[in-house]
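Just so it is clear, none of the values below were taken in a lab; they were calculated from the coordinates. Bear in mind the structure is a predicted one, so any value in this text is a computation, not a measurement. Here Cβ is always computed from backbone atoms with ideal geometry, including for glycine, and neighbour counts include all displayed protein chains.
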Amino acid sequence: MLVSYGGQGVVLLPDGERKPCKFRRKIGRPFCGDQVLVGRADDASLVVNSILPRKNKFVRADERQRLHIIAANLDQVLIVVAARPLPSRDLMERYLLAVHSLGIEPLIVLNKTDLEVAADETAAGAKVLAHMPDYEALGYTVIRTSCKTKPGITGLQSVLKDRTSILVGQSGVGKSSLINQLLPDLHIQTGALSTATGKGTHTTTSTILYQFTGGGHLIDSPGVWEYGIWKLDNNELAAGFIEFNPWLGRCRFNNCVHATEPDCAIKQAVTEGHIRDWRYQSYLRLLAQNS
Ligand SMILES: Nc1nc2c(ncn2[C@@H]2O[C@H](COP(=O)(O)OP(=O)(O)O)[C@@H](O)[C@H]2O)c(=O)[nH]1
Ligand SMILES: [Mg+2]
Ligand SMILES: [Zn+2]
């Protein structure tokens, strides 16, 4: 599925054609990124007869903390941050936790590398950028890009190849600009979608799957996670701090939340320098918001 509206959408057929299709209500709703089997209705139009099993589901939360599926079958989520607007404190940790809890791989994109971090910017946001080497040490891939001078775009292209990816991040960090750089035929693809739906596709509001000519897909979902993610429970929290992993289950209390408890293996690992203190402090702040 390239796009999915209420009762209909656009499918990409094996021959590369984009065709409008309707959904049979009883099969449930297919989402962008879903693999589907289509057939012909009585009037010869296309109908989705079944949705193939999903590898994963990418979700967002609404104001009331209800989760909504926006895409399926992703390989990776690209978390985009920049020197302008600077990320708020713990935003990167929230994004990383959310991606981990969905069972999808996160990649970090530091865009606008042509900009200097202004001296008057808040210390917390600037620190997020300064922590990039730490994220790399944790095993996360960090790709540095600039839409103005173009370094890094080719590096980004290579990690996107043959995979299905989505861009998330605050408004203004350069997601649309990156999509423009990455998809030279963007207007051709949106044009073909408009033809298929018979109306303008709303690139500003719809979740759309684009194709790379060399293989791979990029999903654009405007506004996704711009204002934050959903609340995670304490277990998801500790599990999402990947470097905590070797120490989990070694605390004196098996319901230890690694805050004020005695004989806590996580705190011990922080003291011994196995876990970075700034990550632990971020964990404690997120934990405090759960209670
Ligand atoms: N200096 C600089 N500006 C950029 C870069 N990428 C995007 N911008 C600018 O940042 C602004 C927001 O970009 P946009 O792509 O709309 O961000 P989005 O809200 O994440 O989609 C625009 O004025 C872009 O021209 C970059 O790499 N360097
Ligand atoms: Mg945008
Ligand atoms: Zn503990």
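Residues whose amide H falls under 5 Å from that of Thr164, counting only those 5 or more places apart or on a different chain, are Asp75, Gln76, His217, with hydrogens built in the peptide plane.
In terms of its alpha-carbon gyration tensor, region 11-70 comes out prolate; a/c meets the 1.5 threshold, and the first ratio a/b outweighs b/c.
When the pairs Lys127/Lys267; Lys57/Lys148; Lys26/Lys161; Lys112/Lys267; Lys22/Lys175; Lys19/Lys148 are compared against a 25 Å limit on Cα-Cα distance, Lys57/Lys148; Lys26/Lys161; Lys112/Lys267; Lys22/Lys175; Lys19/Lys148 fall above it.
The trypsin sites (Lys or Arg not before Pro) of region 255-291 include none that meets both criteria, a DSSP state outside H, G, I, E and B (loop) and at most 13 other C-beta atoms within 10 angstrom of the site's C-beta. Between Glu17 and Asp114, the simple spin-label model (points 7 angstrom out along Cα→Cβ) gives 4.2 nm. Computing FRET efficiency as 1/(1 + (r/R0)^6) for Glu261 and Lys231, where r is the C-beta to C-beta distance and R0 is 22 Å, gives about 0.50. Longest stretch of the chain clear of exposed loop sites (GluC sites (Glu not before Pro), DSSP loop, at most 16 other Cβ atoms within 10 Å, sites excluded): 122-225.
For the chain, the spread of Cα positions along the three principal axes, ordered from largest to smallest, is 70, 46, 31 Å.
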